[in-house]
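The values are calculated or read from the model by the stated rules, or taken from the named source; none is laboratory data. Predicted model only: the values in this text are computed from it and were never measured. Cβ coordinates were reconstructed from backbone atoms using ideal geometry, including for glycine residues, and neighbour counts include every protein chain displayed.
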Amino acid sequence: MSNRRDFMGMALGSFAALGALGALYAAKRTWDPLPSVKSAGFTTIDLSPAQENVLVTEKWRGKPIFILKQPANAPKSDREIHVAGGRYLVVVGLCTHLGCIPAYVADKKQFKCACHGGEFDSLGVNTFGPPPRPLDIPPFKISGTSVILGETGPEYEKMLAAGLTLKV
Amino acid sequence: MKEFKILAVVVILSLITYWGVEPFAHSQMHKHVEGHNFVYDGAADIAEATTEKAAAKKAFWGEVNQIAKLPGNAAAGEALFGTCMGCHNGAGINMGGVIPPVLDHAGSLYDKKYLIALIKDPAMASNVDHKYAVTMMHPMGAVQAMVTTPQQIADVVAYIKAKKVGKMTPQAAYEEACGRCHANRYGNLTQLGETPKFKTEKEALAHKLKVLDEQALVEKYMGKLPPDLSIMIRARSEHFMETFIENPQTQLPGTSMPRVGLTKEGYEQVKAYLEETGDPSKEARHAIGPWVILFFVIFTVLAYLWKKHHWKDLH
Amino acid sequence: MAHFDEKAKPFSHKWLNERMAVDTVKKVLSTEYWIPKDINFLWAMGMILAATFGLLIISGIFLLMYYQPSVDSAFDSVNYTIMNEVGYGWLWRHIHGVAASVVFLVIYIHMFTGIYYGSYKRGREMIWLSGMLLFVLFSAEAFSGYMLPWGQMSYWAGMVITNLFEGFSPTIAGGVANFPGFVEWLRGDYVPGQAFLTRFFMLHVFLLPLVIIAVIVLHFATLRIPHVNNQHGKEIDFDEAAKLYKEGKKKESKVIPFNPVFLSKDVFVMGVYFILFFYLVFFHFEFAMDPVNFDPADGLKTPAHIYPEWYFLWSYEILRPFNKDLGLIAFGFAQVAFFLLPFLDKSPVVAPANKRGLFKVWFWVMIVDMIVLTVMGKLPPEGIWTVIGLVAALVFIALFVALPFITKFEKKA
Ligand code: HEM
Ligand code: FES
């Protein structure tokens, strides 16, 4: 049991560990989303057909996207997107509590989440129950009467900077 | 040293087995075909022709070699090339079984003598004359009535060789040379070119129908649908690919695949595309491989030192 | 009830020792697991097999993340998704493919080492039998894995090999050994199709690996009492030799502990092996990833040449030169011949083959015959190759028939 033995054994062991680290990197890369999944993460949605106070649901990166045209008389908010004179709420339709899909109750102008009773107003701001924050706004870029989800435009950057949404 | 003797026995027996089941067995399974370095002078066609055909082939390629010596006039060729554009216009319309190729890079892609031969007699040039009683039945047969004299042929070819050249991407080379008959699904290509993204399932299905129609036409023309080439580069040896593309008849006698007449440069581009879709990890393999091997060399040296330490006072 | 020290810190050495006897376990399994000193690098093959099996499991796990066992998408999930899209997917596939091929080279070296040094008899029969069981299981594992990319070779290998289970012709012995419908039952279909692919997928990624792991444990267990053999077949008094070693008389002792002394040599040999292995993975993998299997499965077109992977060629060649029924018998014989070795060898002598008279001739003829069979198994069955194949197959059968007689008259020296 000399020191030298420990030394050689340890040297070999550490060197092997180095190799294992390399293999771990390859393993991590394997676990990453595929390039085709990432490049499929852009969806263009035309907002112009939406009608006031009628919820439209679209899909982006597999998640529901809520589009709600705000009535002309509704109070202004920083959370809206302005496109061709219209004001729209565009949010990810997943409850910020634990991810269920809230339903829109048009009479009450309110989103209600059945899972644990969370509520949001027509601007997606949480008003009751366990949800910790307003519905998230997806990265978007305005292009004509459409938004391209997945790309980031200046309007989105501004909302992000103002802390109106988390990055999703 | 005894262990080295044992190692030698193990290595030699393993190598003999390897040699037997790999290089030797493959040399026995596949007939050997000489490549001809992308020179198209008819020598191979004449050599492999049946006796009744040999004379005609000899005469044909003799004339081709003669025309190749004529000085071509590119300016005169340009006017004649207009007649080619009647079909080779990139409109993507099937004519007689297949969509005529775009000729934007024809001067770089195709060999000069091959082009001469092709304009003179498409069936002979592409070595599929066994399929046609008369060349006029070939989808491009009509060219015989349009570009007729040796000088005209020389002029058109001179024009193509002077003007229809330029840098092409591997994908462009592939699409022009092979893509009208062979799909490549890993490259997102069908016989109709790149498949666009569709918004609705209906649009996607409508496109699919168009592809199926085109494939049916190609199938009727070729006798069977030419295979998808996505990973052909790994399914066939390099040697097979090269000699097959030079002259399909040598590897698959009787095949309806025409000779395409690629220059060496053109072939390299096509091959680059086939590697892009069929073997994209090649570069990474070559980049990482040496490091992994180096790692294990050092590992082995360390292990040897460790072993030596433990074994030194055993004997 | 054992005694537990109330004051021992949870998870401390003492605490663990009282509960799990870690010191004893370590001694039994490693620091006082005694190995003869008189061995060469061929005794490292077992650990190399274990390491290669480890590589197969790890690379297999990553392949499983994107492989789709469906006849419509299996081919592209492997050749496009894994090879073109998944980060380092190609690396796992190349490791898996090369390891699956090379593991058989090492298995054969391991087996022939056992035969050469007589390590299959005189108390080591169970080592041999469990080893042969591993060989059969690995063969099944390799075959089922070969189905998964669903290329031309997958499909046609699946077709040909499952058809073997049809049994003998109905005219033989009144048809007792003919099993109509059995092939369809195996496949779950008239041809290899979706049901076939999914069940072989199940076998390959779950059932067979599970059984293999269990049998590896069994194989290790069978080694414990007889201990591994040594280069001269000497019988060693392990207790006495171990005592000498522990007293520090390492030179006089005939044994060494598995850990770290034997292990250090194993790891060194493993290092050399990995250099070769990764050279093959990166630069020379065609032998293990047949080009023909890069054509998608087509049930209406058989490839021009079909042949099994190299490690099945010898037994395939024993089947091939005969008519169907004789071929099946010969094939069956080839499968059990090596199992029977401990019982066919009638000599009590445990010594290297080269010191065993006629057995020396037997051993080397067997090796050469196996190589000839392997090479002939790949060549197209025509002309002179068929004749050589037939002779080699007959020699193989004759060898095993003759073995009891050869060994019976061996000197008891
Ligand atoms: C993947 C499968 C296998 C693994 C992981 C494995 C592992 C091992 C290990 C670690 C040893 C002890 C060290 C050594 O002598 O190499 C051993 C010994 C042995 N194995 Fe295997 N083995 C496998 C397959 C086989 C096969 C197919 C056979 C032959 C039928 C076999 C027959 C033996 C014999 C006879 C010994 C004793 C050697 C001696 O006493 O000198 N093993 N095996
Ligand atoms: S998930 Fe909506 S309230 Fe819990």
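Which strands (runs of 3 or more DSSP E) sit wholly inside region A:1-84 and have at least 1 residues that are of a type outside the set (Val, Ile, Thr) and surrounded by 14 or more Cβ atoms within 10 Å (Cβ to Cβ)?
Details: elements: A:43-46, A:55-60, A:63-69, A:81-83.
The strands (runs of 3 or more DSSP E) meeting that bar are A:43-46, A:55-60, A:63-69.
With a requirement of 3 or more residues that are out of contact with any strand residue (DSSP E or B) (no Cβ under 9 Å at 6 or more places or on another chain) and of a type in the set (Val, Ile, Thr), the helices (runs of 4 or more DSSP H) lying completely within region C:313-383 that satisfy it span C:358-378. Mind listing whichever residues of region B:22-38 are within 14 Å of chain C (Cβ to nearest Cβ) and farther than 10 Å from B:Gln251 by Cα? Residues satisfying the conditions are B:Glu22, B:Pro23, B:Phe24, B:Ala25, B:His26, B:Ser27, B:Gln28, B:Met29. So, B:Lys57, is that one among the charged types (D, E, K, R) and either over 30 Å from C:Glu309 (Cα atoms) or touching a Phe, Trp or Tyr at 6+ places or on another chain (Cβ under 8 Å) (or both) or not? Judged against the criteria, B:Lys57 is a match. The residues of region B:213-251 that are closer than 25 Å to C:Pro149 by Cα and of a type in the set (Lys, Arg), listed by number, are B:Lys224, B:Arg234, B:Arg236.
Of the residues making up region C:102-155, those that are more than 12 Å from ligand 1 (Cβ to nearest atom), closer than 24 Å to B:Tyr18 by Cβ and of a type outside the set (A, V, I, L, M) number 7.
Highlighted here are the strands (runs of 3 or more DSSP E) found entirely within region A:104-168 that include at least 3 residues which are farther than 16 Å from A:Trp60 by Cβ and not acidic (Asp, Glu): A:110-112, A:126-128.
Residues checked against (1) within 14 Å of chain C (Cβ to nearest Cβ); (2) part of a helix (DSSP H, G or I):
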{"residue": "B:Gln152", "(1), (2)": "no, yes"}
{"residue": "B:Asp155", "(1), (2)": "no, yes"}
{"residue": "B:Gly166", "(1), (2)": "no, no"}
{"residue": "B:Gly179", "(1), (2)": "no, no"}
{"residue": "B:His182", "(1), (2)": "yes, no"}
{"residue": "B:His207", "(1), (2)": "no, yes"}
{"residue": "B:Ala216", "(1), (2)": "no, yes"}
{"residue": "B:Phe244", "(1), (2)": "yes, yes"}
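Of all the numbered requirements in (1) within 14 Å of chain C (Cβ to nearest Cβ); (2) in contact (Cβ under 8 Å) with a residue 24 or more places away in the chain, A:Thr30 misses one, and that requirement is (2).
Going by the conditions given, is B:Leu274 under 12 Å from the mean Cα position of the chain (by Cα), touching a residue at least 40 places away in the same chain (Cβ under 8 Å), away from every other protein chain (no Cβ under 11 Å) and within 23 Å of B:Ala43 (Cβ to Cβ)?
Numbers: under 12 Å from the mean Cα position of the chain (by Cα): yes; touching a residue at least 40 places away in the same chain (Cβ under 8 Å): yes; away from every other protein chain (no Cβ under 11 Å): yes; within 23 Å of B:Ala43 (Cβ to Cβ): no.
Taking the combined requirement at face value, the residue does not satisfy it.
Identify all residues within region C:262-281 that are under 11 Å from B:Thr300 (Cα atoms), within 7 Å of chain B (Cβ to nearest Cβ) and out of contact with any His (no Cβ under 9 Å at 6 or more places or on another chain); write none if there are none. Across region C:262-281, the qualifying residues are C:Val267, C:Phe268, C:Gly271, C:Val272, C:Phe274, C:Ile275. Out of B:Ala142, B:Ala173, one residue alone is modelled with pLDDT under 90 and surrounded by 16 or more Cβ atoms within 10 Å (Cβ to Cβ). It is B:Ala142. One residue alone among A:Val91, A:Val105 is touching a residue at least 24 places away in the same chain (Cβ under 8 Å), among the aliphatic types (A, V, I, L, M) and in the same structural domain as A:Asn53 (by TED's automatic domain parsing), and that residue is A:Val91. Evaluate the following for C:His305: is it surrounded by fewer than 18 Cβ atoms within 10 Å (Cβ to Cβ) and under 30 Å from B:Gly289 (Cα atoms)? So C:His305 does not fit the description; no. What tally of residues in region C:321-347 results from selecting those that are over 27 Å from C:Lys408 (Cα atoms), of a type outside the set (Asp, Glu) and surrounded by fewer than 21 Cβ atoms within 10 Å (Cβ to Cβ)? Count: 6. Among the residues of region B:279-301, just one is more than 8 Å from every other protein chain (Cβ to nearest Cβ) and among the small types (Gly, Ala, Ser), namely B:Ala287. Of all residues in region B:295-315, none that is under 18 Å from C:Ile275 (Cβ atoms) and of a type in the set (Asp, Glu) has its Cβ atom under 9 Å from the Cβ atom of a residue that is at pLDDT 90 or above and part of a helix (DSSP H, G or I), 6 or more apart or on another chain.
For first residues located in region B:238-256 and without any contact (Cβ under 8 Å) to a residue 60 or more places away in the chain, partners that are in a loop (DSSP other than H, G, I, E, B) and lie 6+ apart or on another chain with Cβ distances below 7 Å form the pairs B:Ile245/B:Val260.
Being away from ligand 1 (no atom under 12 Å from the Cβ), away from chain A (no Cβ under 14 Å) and free of Cβ contacts under 8 Å to residues at least 12 places away in the same chain is not true of C:Lys37. Every condition in (1) surrounded by 14 or more Cβ atoms within 10 Å (Cβ to Cβ); (2) in a strand (DSSP E or B) holds for A:Leu94 except the one numbered (2).
Hey, any hits in region C:304-324 for a residue that's aromatic (Phe, Trp, Tyr), over 22 Å from the mean Cα position of the chain (by Cα) and more than 28 Å from C:Thr113 (Cβ to Cβ)? First the steps, then the outcome.
Here is the first cut: in region C:304-324, the residues aromatic (Phe, Trp, Tyr) are C:307, C:310-312, C:314, C:316, C:322.
Checking the rest, the ones that are also over 22 Å from the mean Cα position of the chain (by Cα) come to C:322.
Then drop every residue that is not more than 28 Å from C:Thr113 (Cβ to Cβ), which leaves C:322.
Scanning region C:304-324 turns up at least one residue that is aromatic (Phe, Trp, Tyr), over 22 Å from the mean Cα position of the chain (by Cα) and more than 28 Å from C:Thr113 (Cβ to Cβ).
The set of residues in region C:43-77 that are away from ligand 1 (no atom under 16 Å from the Cβ), in contact (Cβ under 8 Å) with a residue 24 or more places away in the chain, among the aliphatic types (A, V, I, L, M) and within 14 Å of chain A (Cβ to nearest Cβ) comprises C:Leu63, C:Leu64. With respect to the conditions (1) at pLDDT 90 or above; (2) of a type in the set (Phe, Trp, Tyr); (3) closer than 27 Å to B:Lys224 by Cα, B:Tyr159 lacks only one, and its number is (3). For C:Asn259, the stated conditions hold: it is in contact (Cβ under 8 Å) with a residue 40 or more places away in the chain, farther than 24 Å from C:Pro352 by Cα and within 14 Å of chain B (Cβ to nearest Cβ). The sole residue among C:Glu235, C:Glu252 that is away from ligand 2 (no atom under 16 Å from the Cβ), modelled with pLDDT under 95 and either within 14 Å of chain B (Cβ to nearest Cβ) or more than 29 Å from C:Ala353 (Cβ to Cβ) (or both) is C:Glu252.
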